[in-house]
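The values are calculated or read from the model by the stated rules, or taken from the named source; none is laboratory data. Since this is a predicted model, take the numbers as computed values, not measurements. Positions of Cβ are generated from backbone atoms using ideal geometry, with glycine treated the same way; all protein chains shown enter the neighbour counts. When the accessible area is computed, the model is the full protein with side chains, heavy atoms only, and any ligands, DNA or RNA have been set aside. Shrake-Rupley method; radii C 1.70, N 1.55, O 1.52, S 1.80 Å.
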Amino acid sequence: MEEKILKIKENALVDIEKAQNSKELEEVKNKYLSRQSELNNFKKSLKDIEPSLRPKIGSLTNEVSKYLEEKINEKYNEFYKSELNAKLNSEKIDVTLDSAYIPFGKVHPLSATINEIVEIFEHLGFSLIENKLSPEVELEKYNFDLLNVPKEHPARDVQDTYYSYAGENVVLRSHTSNAQIRQMQNSHPPIKIVSPGRVYRNESVSARKNNLFHQVEGLYVDKGVTFAHLKGVLNEFIRLYFGSARPTRFRNSFFPFTEPSAEIDVQCIVCQGKGCSTCSGSGWLEILGSGMVDPNVLKGVGIDPEIYSGFAFGMGVERLAMLKYAIDDIRLFFNNDERFLKQF
Ligand code: DAH
């Protein structure tokens, strides 16, 4: 019996030696020290052996299991240290490494410009109108007729306006002024709105012109609105958008839907007024058209021009963005070149 116990001890020591890691050592521990282990069976069967032998065998099994337990713990401690170190090394985070490149989206410069323009007019008491009152695919009636644009007006020429296959009277709107008519038909004065959006013109594309571009339309109709209000509001807009340093001028003009009409020019940003190809040598760039709403237009939408008057304006968004950020080619807005877009 003694021999058997010593044999178990010997085997156990070999197995402990052989264990390569804490997991294998755990198995060794189970094999030799668990309840089902041989040694434990000896302890359980002590009652069956000769009483005189019991103390000796009993203390020997206890000694051996204690000894094995110590050996296993010793080795376990070694494994624990080296395994913990290995784990710490493998999970180490190098905070000096560059992180993965995740590009951030940005607001397109045209959207940013539209937002800025609209915000300025909101600050001046104008409201942004609903999209459905400003459709891009439009009836000629709203794009031209009700705006007092006569049938023979050159703006209607197929050269300028895209006509739709959807119907003879359907066009891609050539300006945002259609929004004025729809707004006036859908509400009553006082009306004080702005309406941004896309417009289309059948033009050959160049650094200065694109066949798709953006405008912001504005309309103020109430009792007693005068040209002084127009000047006051638009001057304030220019001051807020460009800062007071940029020279501007009001210039007499003509639009079928306004009387009198005025255009506002801003000093050319490329040549600072000296004259260059961007401003066709004039030193000025037109940024908006405006005027007092023609009485015919008011009548057409059922507003009595004897009681009400108003002013309107339409500005080119690309133009305004180009002037502010010194961009010399309108096509840059539409090419989606990341190197350009990232700068805003
Ligand atoms: N619709 C004109 C254009 O596209 C701009 C314009 C001029 C709009 C005068 C207006 C206005 O509302 O009153 O060139």
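Some notes on this structure:
- In the set 95, 64, only one residue is open to solvent by 100 Å² or more (accessible area, probe 1.4 Å) and either touching a Phe, Trp or Tyr at 6+ places or on another chain (Cβ under 9 Å) or among the β-branched types (Val, Ile, Thr) (or both); that residue is 95.
- Apart from one condition, residue 214 fits all of (1) without any contact (Cβ under 8 Å) to a residue 60 or more places away in the chain; (2) touching a Gly at 6+ places or on another chain (Cβ under 8 Å); the exception is (1).
- Among the residues of the stretch 132-154, those that are in a helix (DSSP H, G or I) and either farther than 10 Å from residue 181 by Cβ or open to solvent by less than 30 Å² (accessible area, probe 1.4 Å) (or both) comprise 132, 133, 140, 142, 143, 147, 154.
- Every test in (1) more than 16 Å from the ligand (Cβ to nearest atom); (2) open to solvent by 70 Å² or more (accessible area, probe 1.4 Å) is passed by residue 286 save one, and that test is (1).
- For the stretch 324-344, residues that are open to solvent by less than 60 Å² (accessible area, probe 1.4 Å), more than 20 Å from residue 197 (Cβ to Cβ) and more than 22 Å from the chain's Cα centre (by Cα) total 2.
Residues checked against (1) surrounded by 20 or more Cβ atoms within 10 Å (Cβ to Cβ); (2) of a type outside the set (Asp, Glu); (3) away from the ligand (no atom under 13 Å from the Cβ):
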site: 183; (1), (2), (3): yes, yes, no
site: 188; (1), (2), (3): no, yes, yes
site: 195; (1), (2), (3): yes, yes, no
site: 201; (1), (2), (3): no, yes, no
site: 205; (1), (2), (3): no, yes, yes
site: 211; (1), (2), (3): no, yes, yes
site: 218; (1), (2), (3): yes, yes, no
site: 224; (1), (2), (3): no, yes, yes
site: 230; (1), (2), (3): yes, yes, no
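- For first residues located in the stretch 218-229 and under 8 Å from residue 192 (Cα atoms), partners that are within 13 Å of the ligand (Cβ to nearest atom) and not in a strand (DSSP E or B) and lie 6+ apart or on another chain with Cβ distances below 6 Å form the pairs 219/180.
- Residue count for the stretch 309-325, restricted to those that are in contact (Cβ under 8 Å) with a residue 60 or more places away in the chain and within 15 Å of the ligand (Cβ to nearest atom): 11
- Within the stretch 297-308, the set of residues being surrounded by fewer than 22 Cβ atoms within 10 Å (Cβ to Cβ) and within 13 Å of the ligand (Cβ to nearest atom) comprises just one member, 298.
- Out of 254, 250, sole residue that is under 23 Å from residue 174 (Cα atoms) and part of a strand (DSSP E or B): 254
- Single residue of the stretch 156-177 satisfying the filter (open to solvent by less than 50 Å² (accessible area, probe 1.4 Å) and either touching a residue at least 40 places away in the same chain (Cβ under 8 Å) or part of a loop (DSSP other than H, G, I, E, B) (or both)) that is farthest from the ligand (Cβ to nearest atom): 167
- Scanning the stretch 248-263 for residues that are β-branched (Val, Ile, Thr) and more than 11 Å from the ligand (Cβ to nearest atom) yields a single hit, 248.
- Test result for residue 245, more than 16 Å from the ligand (Cβ to nearest atom), under 28 Å from the mean Cα position of the chain (by Cα) and surrounded by fewer than 16 Cβ atoms within 10 Å (Cβ to Cβ): no
- All of 337, 328 fail the test of being charged (D, E, K, R), at pLDDT below 90 and more than 16 Å from the ligand (Cβ to nearest atom), apart from 328.
- Members of the stretch 32-45 that are over 15 Å from residue 63 (Cα atoms) and not polar (S, T, N, Q): 35, 44
- Residue in the stretch 274-288 that is under 30 Å from residue 220 (Cα atoms), in contact with a helix residue (DSSP H, G or I) (Cβ under 8 Å, 6 or more places away or on another chain) and at pLDDT 95 or above present: yes
- Qualifying residue in the stretch 264-283 (condition: within 16 Å of the ligand (Cβ to nearest atom), in a strand (DSSP E or B), surrounded by 14 or more Cβ atoms within 10 Å (Cβ to Cβ) and without any contact (Cβ under 8 Å) to a residue 40 or more places away in the chain): yes
- Residues in the stretch 243-263 that are in contact (Cβ under 8 Å) with a residue 40 or more places away in the chain and in contact with a helix residue (DSSP H, G or I) (Cβ under 7 Å, 6 or more places away or on another chain): 256, 257.
- Filtered residues of the stretch 199-222 (kept if assigned to a loop (DSSP other than H, G, I, E, B) and of a type in the set (Ser, Thr, Tyr)): 204, 206
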